[in-house]
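The values are calculated or read from the model by the stated rules, or taken from the named source; none is laboratory data. Remember, predicted model here, so these are calculated numbers, not experimental data. We place every Cβ from the backbone using ideal geometry, glycine too, and count neighbours over all the protein chains shown.
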Amino acid sequence: MLSSSPEPRTAVSVPSLNSDMGEAFGLHTFGNDLNLMTYVDVANVACGFHSGDPEAMAETVREAAARGVKIGAHPGLPDLVGFGRREMKLTAQEVENLLTYQVGALTGFLRAAEVPLNHIKPHGSLYGMLARDPELMTAAAAVAARFEVPFYGLAGTEHQKVCESQGVPFVGELYVDLNYGPGGELLIQRRPEPTDPQAAAERVRRVLQEGVVEAVDGTLLTIAFESICVHSDAPNSVQVAAAVRDVLDGAPRAAS
């Protein structure tokens, strides 16, 4: 959950590291997928609407599977020009159909590679829309339930509330290359900017040790999470992922 009243955190299970991948279209590619796969545990693969195409999806699945990286669907709004970062007015049925279509497409490539679908994590503005709107999120949760996979999202938002009410496994995320507002909201940028790798590492180190993340105004937030996201399309995403990986590899693990 999100809170501005932090409490000390004891040792927890070390979170996974995930990254959005396969964000290419035709001859145009974005991100640093192959290098990032050295550091991440989970790949969120673009499914063709905000980015991605059949060749990119097939290649990303093949490379991730070869490296033992778990693969989830990263469906977005049908907006190639805006990279899925411009909101749309959608009905709940439209959201359900958009997700079903995209997750189904990725599942075909996963079956060909003989690897399972790990989760669903919406992209960009769709992620934010579902975090705020319980009706739209209920439609998204229905898709996750149909494919029998967890939903990745922001703790304390409709992502978590609806998943819990619908019996869908939920995985909370922490972001190291986006800032948080005082209410725990993500401050989304239309264009990615470089992130200081050491600042990203320090955010992870502090939240693991103290249980807090500092918002842009200095508010200390507690954010429940099981996975950390590093965006692949930032100019120095590989360096950021490497710095975060170093922290995770040295983090104390909870007693089993």
Within region 40-74, the residues that are assigned to a loop (DSSP other than H, G, I, E, B), over 14 Å from the mean Cα position of the chain (by Cα) and charged (D, E, K, R) are ASP53, ARG67
Counting only residues in region 103-161 that are among the hydroxyl-bearing types (Ser, Thr, Tyr) and under 27 Å from VAL176 (Cα atoms), the one surrounded by the fewest Cβ atoms within 10 Å (Cβ to Cβ) is identified as SER125
When restricted to GLY124, GLY128, GLY108, GLY153, the only residue in contact with a Cys (Cβ under 9 Å, 6 or more places away or on another chain) and either within 22 Å of GLU23 (Cα to Cα) or modelled with pLDDT under 95 (or both) is GLY153
Criterion first (modelled with pLDDT under 95 and either closer than 26 Å to LEU130 by Cα or not aliphatic (A, V, I, L, M) (or both)) does GLU63 satisfy it? no
Picked from region 69-83 (must be in contact with a strand residue (DSSP E or B) (Cβ under 9 Å, 6 or more places away or on another chain) and touching a residue at least 40 places away in the same chain (Cβ under 8 Å)), the residue farthest from ASP53 (Cα to Cα) is LYS70
### Query
Is one or more of the residues making up region 62-71 touching a Ser or Thr at 6+ places or on another chain (Cβ under 9 Å) and more than 25 Å from ASP41 (Cβ to Cβ)?
no
Within region 160-179, the residues that are outside any helix (DSSP H, G or I) and not polar (S, T, N, Q) are GLY167, VAL168, PRO169, PHE170, VAL171, GLY172, GLU173, LEU174, TYR175, VAL176, ASP177, LEU178
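Out of the residues in region 180-215 meeting the condition of being aliphatic (A, V, I, L, M) and in a loop (DSSP other than H, G, I, E, B), tell me which one is surrounded by the fewest Cβ atoms within 10 Å (Cβ to Cβ). Steps first, answer last, please.
To start, the set of residues in region 180-215 that are aliphatic (A, V, I, L, M) comprises 186-188, 199-201, 204, 207-208, 212-213, 215.
Right, trim to in a loop (DSSP other than H, G, I, E, B) and you get 188, 212, 215.
Values: ILE188: 13, VAL212: 21, ALA215: 18.
The extreme case among them is ILE188.
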Going through (1) out of contact with any helix residue (DSSP H, G or I) (no Cβ under 9 Å at 6 or more places or on another chain); (2) over 23 Å from VAL230 (Cα atoms) one by one, VAL162 fails only at (1)
Going through region 39-53 in order, the residues found to be surrounded by fewer than 22 Cβ atoms within 10 Å (Cβ to Cβ) and at pLDDT below 95 are GLY48, PHE49, ASP53
With the structure loaded, tell me whether LEU17 is of a type outside the set (Val, Ile, Thr), on the phi < 0 side of the Ramachandran plot and modelled with pLDDT of 95 or more or whether it fails that test.
yes
Taking region 29-68 and keeping only residues that are under 14 Å from LEU117 (Cα atoms) and either of a type in the set (Val, Ile, Thr) or free of Cβ contacts under 8 Å to residues at least 12 places away in the same chain (or both), one is left with VAL42, VAL45, THR60, VAL61, GLY68
THR157: passes all of (1) polar (S, T, N, Q); (2) in contact with a helix residue (DSSP H, G or I) (Cβ under 9 Å, 6 or more places away or on another chain); (3) farther than 26 Å from VAL207 by Cα but (3)
How many residues of region 216-256 are touching a residue at least 40 places away in the same chain (Cβ under 8 Å) and either surrounded by 19 or more Cβ atoms within 10 Å (Cβ to Cβ) or within 25 Å of PRO122 (Cα to Cα) (or both)? The answer is 27
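Can you find a residue that is at pLDDT 90 or above, buried (at least 24 other Cβ atoms within 10 Å of the Cβ) and touching a Cys at 6+ places or on another chain (Cβ under 9 Å) anywhere in region 22-30? Before you say what the answer is, go through the steps one by one.
Step one: list which residues in region 22-30 are at pLDDT 90 or above, which gives 22.
Among the residues that remain, those that are also buried (at least 24 other Cβ atoms within 10 Å of the Cβ) are: 22.
After this cut, where a residue has to be touching a Cys at 6+ places or on another chain (Cβ under 9 Å) as well, the list is 22.
Yes, the conditions are met somewhere in region 22-30.
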Filtering region 49-68 down to residues that are under 20 Å from ASN35 (Cβ atoms), in contact with a Leu (Cβ under 9 Å, 6 or more places away or on another chain) and among the hydrophobic types (A, V, I, L, M, F, W, C) yields MET57, VAL61, ALA65
